Amino acid sequence: MTQKEASTLLLFGAKGNLARVKLFPGLFKLDLAGKLHPDMKIVSIGRQEESHEEWIINLKSIIRAKYDKDLNQTVLDRFLNRNIYHANLPDDPDAFTKLSDRLSQEGFSQNLAFFLSVRPSDFALIVDQLAEANLLNESSHWKRVLIEKPFGVNTETAQALQDSISKHLKESQIYRIDHYLGKFALQNILFTRFYNTLLEPIWNNQYIDHIQVTNHETLGVGDRTTFYDATGALRDMMQSHILQTLTLATMEKPKSFSPNDVREEKIKLLNQIKPVPIDDFEKYVFRAQYTSGTISNEGEVKGYLEELGQESNVETYAAVKFFIDNNRWRDVPIYLRTAKRLHENATYISVKLKPIKTPNGEINDNWIIISIQPKESIHIEINTKVPGLDDAKSRKIQLDGGLRFEGDETIDSYETLMLDLIEGNQSRFLHIDEVNAQWKLIDPIVEKWQDSSVPVHSYPAGSKDPIDSKIIFENSDQFWRSSINIE
Ligand code: BG6
């Protein structure tokens with residue numbers, strides 16, 4: 001459905017990697033699907049002068065690189081016609097007034113959506129300048145600001161950023177991104193949990209032994225060494241994507257699926273997760289770094305320290321155990337892990353049900369696995385009797401349902417989130433209380449890790465989880481559940 005009202009999308013950081021790889025191709029796809037209002041304009045804001053012609057050539061090559069084969073010329077022309085380049089020169093004190101003047105020209109809707117894909121240190125500054133130029137005033141049209149991750153690097157800096165931007169913006173105008181919330185398989189979690197009688201009655205500590213949320217990547221840190229070394233796996237992935245995935249897997253049913261009701265339940269859950277006990281730290285948290293090794297599709301790769309070119313304690317693997325202090329989840333261990341340069345790319349939630357002994361003494365352990373990527377599926381493992389006369393013989397069968405059928409719509413997470421931004425749907429964006437609750441869980445760990453006596457383990461690139469990471473398991477029969485690996 002095309003949008004009901006026109007808007008102007010302003011991209012700060014339009015020359016960056018995210019814009020090239022995700023935002024422009026995504027906007028083009030939305031245009032192709034007829035989802036953009038005919039009068040919507042896209043203004044790319046850059047820090048250098050560039051002619052309109054040059055910018056259009058640049059955009060054309062971005063789009064062609066992605067959709068080479070079946071490019072629809074009419075849609076391409078329509079898309080390029082929406083696009084404008086505007087230079088906001090860093091040393092020009094009147095830059096934002098000039099931007100405001102330009103936007104007041106005919107052809108620009110005054111519903112303004114600002115997408116800030118810039119250095120985090122610039123977020124507050126840009127919001128200040130937009131406010132000064134009177135570009136955030138909602139008296140006649142809406143104004144929204146999307147802020148890329150990370151929102152702060154700890155509770156204190158997140159709060160400082162919040163204090164600064166909330167001088168100019170109401171919560172309803174702030175769109176804090178976590179791109180995992182734009183992933184279809186994540187959105188499906190609540191639906192699957194709450195609309196299947198098979199699942200909801202057993203989704204609690206009476207039946208569930210423990211839950212794991214896993215995110216493994218074969219990718220290394222690449223050319224992001226400076227960013228990564230200031231961040232680490234815990235802050236890069238755990239504080240955001242992994243905690244959000246866990247929240248969807250464990251929160252209570254919201255009163256309705258309206259943005260406010262969903263976020264209210266998420267906030268409740270996040271605040272019920274208990275911070276790790278610092279006096280028992282080593283049984284709750286584990287960190288490691290990759291050394292050189294072999295990645296299946298890349299061959300020999302360097303270790304983290306070789307890439308960085310200096311000593312560092314920063315983790316590329318992090319595993320944490322949490323408990324949730326509520327009636328549903330009391331005493332159920334939650335294990336979260338994330339890593340760069342592991343043996344596979346896979347994000348999934350694995351739920352182990354409480355074991356039952358069969359008559360011949362075997363342990364029947366059912367697993368339910370919600371796979372987010374690369375496969376989007378629900379997988380259930382059940383013990384059954386083997387056909388034949390031996391009554392004691394059992395085996396496991398696997399029920400595996402892909403979430404996607406041929407011909408289904410494919411919409412990338414950034415496409416979903418950009419559409420949400422211009423349509424004013426905040427349910428897939430973070431409320432400030434979620435961000436704060438997430439930092440409160442991460443801060444004590446980061447702080448403790450400043451202490452160099454906490455070991456940094458190592459693992460060769462391309463390997464499975466470091467063996468010592470098992471230290472965080474509550475029981476000796478618990479183990480890292482592997483992904484499903486069914487193609
Ligand atoms: C980003 C992290 O937020 O998410 C990256 O900064 C990580 O380090 C990426 O690689 C993973 O996203 P996805 O969608 O590829 O799983």
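The values are calculated or read from the model by the stated rules, or taken from the named source; none is laboratory data. Keep in mind that what you see is a predicted model, and the values were worked out from it rather than measured. Glycine gets a Cβ as well: all are built from the backbone with ideal geometry, and neighbour counts include every protein chain shown.
What the table shows:
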| item | result |
| --- | --- |
| Search result, residues across the range 438-487 that are over 25 Å from the mean Cα position of the chain (by Cα), β-branched (Val, Ile, Thr) and either farther than 18 Å from Ile211 by Cα or not in a helix (DSSP H, G or I) (or both) | Val454, Val456, Ile467 |
| Single match in Arg330, Arg337 (criterion: within 16 Å of the ligand (Cβ to nearest atom) and under 30 Å from Lys253 (Cβ atoms)) | Arg337 |
| Among the candidates Gln398, Gln373, residue that is over 29 Å from Pro259 (Cβ atoms) and out of contact with any Gly (no Cβ under 8 Å at 6 or more places or on another chain) | Gln398 |
| Which listed residue, of Asn364, Asn345, is in contact with a Pro (Cβ under 9 Å, 6 or more places away or on another chain), surrounded by fewer than 19 Cβ atoms within 10 Å (Cβ to Cβ) and free of Cβ contacts under 8 Å to residues at least 60 places away in the same chain | Asn364 |
| Residue check, Ile369 of a type in the set (Val, Ile, Thr), surrounded by 20 or more Cβ atoms within 10 Å (Cβ to Cβ), more than 27 Å from Thr316 (Cα to Cα) and more than 16 Å from the ligand (Cβ to nearest atom) | no |
| Wholly within the range 264-314, strands (runs of 3 or more DSSP E) carrying at least 2 residues that are closer than 23 Å to Asp331 by Cβ | 285-291 |
| Filter result for the condition that a residue is within 16 Å of the ligand (Cβ to nearest atom) and either of a type outside the set (Ser, Thr, Tyr) or within 25 Å of the chain's Cα centre (by Cα) (or both), over Lys321, Lys375, Lys357, Lys396 | Lys375 |
| Options Lys255, Lys302; residue that is surrounded by fewer than 22 Cβ atoms within 10 Å (Cβ to Cβ) and without any contact (Cβ under 8 Å) to a residue 60 or more places away in the chain | Lys255 |
| Residues of the range 1-46 satisfying the condition of being touching a strand residue (DSSP E or B) at 6+ places or on another chain (Cβ under 9 Å) and free of Cβ contacts under 8 Å to residues at least 40 places away in the same chain | Lys15, Phe24 |
| Only one of Leu23, Leu9, Leu36, Leu18 that is assigned to a helix (DSSP H, G or I) and under 13 Å from Leu419 (Cα atoms) | Leu23 |
| The listed residue being within 22 Å of Lys183 (Cβ to Cβ), surrounded by fewer than 22 Cβ atoms within 10 Å (Cβ to Cβ), touching a residue at least 12 places away in the same chain (Cβ under 8 Å) and within 20 Å of the chain's Cα centre (by Cα), out of Thr250, Thr245, Thr231, Thr214 | Thr231 |
| Where Asp279 falls short, out of the listed (1) without any contact (Cβ under 8 Å) to a residue 24 or more places away in the chain; (2) within 16 Å of the ligand (Cβ to nearest atom); (3) more than 19 Å from Glu315 (Cα to Cα); (4) not β-branched (Val, Ile, Thr) | (2) |
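For (1) modelled with pLDDT under 95; (2) farther than 16 Å from Gly232 by Cβ; (3) surrounded by fewer than 16 Cβ atoms within 10 Å (Cβ to Cβ), each residue gets a yes or a no:
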site: Ala319; (1), (2), (3): no, no, no
site: Arg328; (1), (2), (3): no, yes, no
site: Val351; (1), (2), (3): no, yes, no
site: Pro359; (1), (2), (3): yes, yes, yes
site: Ile382; (1), (2), (3): yes, yes, yes
